[in-house]
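The values are calculated or read from the model by the stated rules, or taken from the named source; none is laboratory data. Bear in mind the structure is a predicted one, so any value in this text is a computation, not a measurement. Surface areas here come from the heavy atoms of the whole protein model, side chains and all, with no ligands, DNA or RNA. Shrake-Rupley method; radii C 1.70, N 1.55, O 1.52, S 1.80 Å.
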Amino acid sequence: RDRALIAEARALRELETTTAIVSFMENLFELARPGQGGTTDISAIEMLDLGSTRIDEQLADEPWLRAALYRTIGVVNHALSRNDQADSLLRVALTVNDSITGRDPSEVLYQRGQILVDFGVVQHDLGYYPEAAAIHREAIARYEQSGIADSTDIPLPLNPLGTKSQAD
């Protein structure tokens, strides 16, 4: 029963974060709408870059959401093979995560673990294998410290540790 209540509370907090991220992204896409003074000629990459510059001004008092958005835009940049941009954005996400107060410490540690997993993947793709391995180990430690990681979280940073490039 207690685990179910904890899981329900976590799901509600994740829904709140996801809803805020979707709202931010919807507002960002409104900028491209011709009726709002935008242009349909804006590319997805330009939209991402614009979004990353607006996070701090629009969410100045929301470090939790800022960290989540920097992580999200960093992951999208990585998916577009923009590893240097992803690296920068994920570093900012980690810095913002350090500044979070007034939130359950276990959630902050869990979010840090998520950011670290993505950051480790980017470091690996940039060829920084020892650094990536250390980052993935730290992600595991943060997940374990959080006490709220589930059985699907820890295998994510464990998997790259099993590759030859990070095992050396």
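For the residues Y70, Y110, the requirement of being under 13 Å from the mean Cα position of the chain (by Cα) and within 19 Å of I140 (Cα to Cα) singles out Y110.
F29 versus (1) modelled with pLDDT under 80; (2) open to solvent by less than 70 Å² (accessible area, probe 1.4 Å); (3) among the hydrophobic types (A, V, I, L, M, F, W, C): which is the lone unmet condition? Condition not satisfied by F29: (2). Suppose we filter A149, A68, A139, A134 for residues that are open to solvent by 40 Å² or more (accessible area, probe 1.4 Å) and not charged (D, E, K, R); which single one remains? Among A149, A68, A139, A134, only A134 is open to solvent by 40 Å² or more (accessible area, probe 1.4 Å) and not charged (D, E, K, R).
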